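Notes for the one structure printed next.
Nothing in this text is a laboratory measurement; each read-out follows from the coordinates by a stated rule. Remember, predicted model here, so these are calculated numbers, not experimental data. Counting neighbours? That spans all protein chains shown, and the Cβs are built from the backbone with ideal geometry, glycine included.
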Amino acid sequence: MLEENKQYWIGFNLVRGIGAVRLRQLLQHFGDLKTAWHASPAELRAAGLSDKLVQNVSLARANMDFNKIRHRIQELGVRVVTWDDEDYPRHLRSIDQPPPVLYLRGTLEETDHWAVAIVGTRRITAYGRQVTEQLATTLAQNGVTVISGLARGVDSVAHQAALNAGGRTIAVLGSGVDHIYPPENRQLAERMIAQGAIISDYALGTPPDGANFPPRNRIISGLSMAVVVVEAGRKSGALITAQFAADQGREVYAVPGNITAPQSKGTNRLIQQGAHPLLAPQELLEQLNLSRITQHREARKILPANELEAKLLETISTQPLHVDEISVQCQLPIGQVSATLAMMELKGMVRQVGGMHYVALREIQADYSVE
C-alpha cells in the first residue's frame with residue numbers, strides 16, 4: 001500500500017522542471033510536500049518557483065489520478081523509496097542532488113552498501129564475456145552486490161553471473177520499472193527481482209528512450225563503491241558512468257584490452273587518464289577492503305553495546321552531527337569517538353551521511369535503552 005505522503009513525492013516527481021534542487025526548495029519552504037502540493041500559485045511563487053513551474057504544477061495537479069497510480073504500484077508490487085526513508089541507499093544519498101524518488105521492484109538490503117558496478121559495451125567480445133563472468137562471480141561469492149544497467153552485453157552478463165553465483169544484483173533502468181528493456185531481458189529481470197532489485201527514478205509508464213540512459217548512469221555509479229569498465233568503445237555510455245563515478249569520488253577501474261580492438265579503445269584510454277588497471281578480480285576485493293565483508297556483517301550481530309556506545313547514541317539524533325561536535329558534547333577524545341562510531345556503523349546503529357556527519361538510525365534510537 002502506498003503511504004499518503006508518498007503520493008505527493010510521486011506527484012512532484014511527475015512535474016516537468018521539478019528536480020532535486022526545486023524539491024528540496026519546496027520542502028524547506030513548506031515543511032512537507034503535501035502542503036506544497038495543495039499550495040496556491042502565489043504560495044508556490046513565494047517558495048521560489050517561476051511562473052512556468054507554477055503552471056506546470058497546476059497542470060499536473062489537474063491531471064493527476066493518485067488512485068490509478070496507487071493501483072498500478074500495488075499491482076506490480078512496486079515500492080517507492082524517497083529521501084525520507086531510512087533505507088534510501090547510503091552511497092546514493094551522498095552524491096550531489098540524489099534522486100528524490102526511487103521506484104523499486106525487489107528488495108534493498110543493508111548489505112547492498114557493499115556494491116560494485118560493472119559496466120561496458122553492448123557489443124561484448126569473448127574476452128569481455130570471460131572477464132565479466134569472472135569478476136561478477138568473484139564479487140557475488142564474496143558478498144558484494146553487483147550493480148549494472150540491464151543492457152545487452154557486459155551489463156547482462158554481469159547480472160547473470162552474479163545470480164548464478166548465488167549473489168545479489170541490482171539493475172538501474174532508463175525507463176519505468178514496468179518497462180523492461182531490452183525485452184529479451186524480462187526473464188533475467190524477474191530473477192533479479194527475486195534475488196536483488198530493479199530500480200529507476202523514472203515514473204511508472206516511462207518508456208525506454210535514448211535520452212534517459214546517460215542520466216541513469218549517475219545512479220549506477222552513485223549506488224556503488226567503485227565502477228569497473230570491462231569493455232568500452234570511444235563513445236560508449238560506460239565512459240559516462242566512469243565520469244560520474246570520478247565526479248562522485250568513486251574509484252574507477254578499467255580492464256586492459258587489445259589495443260587494436262574497438263571495444264578496448266575506451267577502457268585503455270581510461271587507464272591512460274588515470275583509472276586503475278584491473279588485472280584480477282581479487283585485486284578489487286583487496287584494494288576496496290571487500291574481502292572483510294563477512295567480518296563486517298558479523299560485527300553487527302555479535303559485538304555488544306557498551307556505555308560508550310550508549311553515551312554516543314544519547315548525543316546523536318536523526319539530524320546530522322559532525323564528529324567534532326559529538327566529541328565536544330560527549331567530552332571524549334576525537335580518536336575514541338571516531339573509532340567507536342566506525343564500529344557502531346558496522347553494527348547498523350548509526351550512519352555516516354557525508355563529511356564525517358553522523359545520524360542515529362531511528363529504529364535503533366527508539367529501541368535502545370541505557371541500563
- [ ] Return an integer: the convex hull volume of the alpha-carbon atoms of the range 185-244, in Å³ per residue.
- [x] 119
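Using a 10 Å cut-off around each Cβ, can you sort 6, 235 from fewest to most neighbouring Cβ atoms? Could you put the intermediate results ahead of the total?
Working: 6 19, 235 9.
By the 10 Å Cβ count, ascending: 235, 6.
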TODO: Can you quote the Å³ per residue value for the convex hull of the Cα atoms in the range 106-292, rounded to an integer?
DONE: 102
TODO: Take the alpha-carbon positions of the range 79-176, form their convex hull, and give its projected area averaged over all directions (one quarter of the hull surface) in nm².
DONE: 6.4
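To the nearest 0.05, what FRET efficiency results for residue 334 and residue 35 with a Förster distance of 56 Å applied to their C-beta separation? Kindly include the intermediate steps, with their values, before the conclusion.
On the way: r = 40 Å, r/R0 = 0.72.
Rounded to the nearest 0.05, the efficiency is 0.90.
Can you give the relative contact order of the chain as a percent, counting alpha carbon pairs under 8 Å and 6+ residues apart? Walk me through the intermediate numbers first.
Working: 658 pairs, mean separation 47.0, N = 371.
Taking the mean separation of contacting Cα pairs over the length of the chain, I get 13 percent.
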TODO: Can you tell me which of 194-204, 95-105 comes out highest on packing, and rank the rest after it, using the mean Cβ neighbours within 10 Å?
DONE: 194-204, 95-105
Open item on the list: Whole angstrom only: what separates the Cα centroid of the range 210-238 from the Cα centroid of the range 1-38?
Closed with: 28
Task: Over 26 Å [Cα-Cα, the range 1-133], rounded percent - done: 38
Task: 5 Å binning of all Cα-Cα separations within the range 142-225, expressed as whole percents from 0 upward - done: 3, 16, 29, 27, 17, 6, 1, 0
- [ ] Please work out the Cα center distance from the range 332-346 to the range 50-81, rounded to the nearest Å.
- [x] 43
Open item on the list: Could you give me D for the range 4-76, from Stokes-Einstein at 37 °C and 0.692 mPa s, where the hydrodynamic radius is the Kirkwood radius over C-alpha pairs? Units µm² s⁻¹, please.
Closed with: 264
- [ ] Determine, at each q value in 0.08, 0.09 (inverse angstroms), the log₁₀ of I(q)/I(0) that the Debye formula gives when each Cα of the chain is one equal point scatterer.
- [x] -0.45, -0.57
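With a ≥ b ≥ c the root eigenvalues of the C-alpha gyration tensor of the range 177-286, is it rounded (a/c under 1.5), prolate (a/b larger than b/c) or oblate? Write out the running numbers ahead of the final one.
Details: a/c = 1.84, a/b = 1.69, b/c = 1.09.
In terms of gyration-tensor shape, prolate.
Computed FRET efficiency, Cβ-Cβ of residue 261 and residue 194, R0 51 Å: what is it to the nearest 0.05? Walk me through the numbers on the way to the answer.
Working: r = 36 Å, r/R0 = 0.70.
Calculated transfer efficiency: 0.90.
Using the number of other C-beta atoms within 10 angstrom as an exposure proxy, rank 181, 253 with the fewest first.
Values: 181 20, 253 28.
By the 10 Å Cβ count, ascending: 181, 253.
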Open item on the list: With θ taken as phi - 60° and the coefficients 6.51, -1.76 and 1.60, list the Karplus ³J(HN,Hα) couplings across the range 8-13 in order, rounded to whole Hz; mark glycine and proline as x.
Closed with: 7, 4, 5, x, 5, 4
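Taking 8 Å as the Cα distance limit and 6 or more residues as the minimum spacing, I'd like the relative contact order of the range 4-76 as a percentage.
Details: 45 pairs, mean separation 26.1, N = 73.
After rounding, I find 36 percent.
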Task: Reachable lysines from residue 34, criterion Cα separation under 29 angstrom, eight or more residues apart if same chain - done: 6, 52, 68
Open item on the list: Within a 10 angstrom radius of the beta carbon, how do 179, 38 rank from fewest other beta carbons to most?
Closed with: 38, 179
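Can you give the helix-only mean residue ellipticity at 222 nm for the chain, where every DSSP H stretch with n ≥ 4 adds -39500 (n - 2.57) and the sum goes over all residues, rounded to the nearest 500 deg cm²/dmol? Spell out each step's value before the answer.
Details: 19 runs with 178 residues, N = 371.
That comes out to -14000 deg cm²/dmol.
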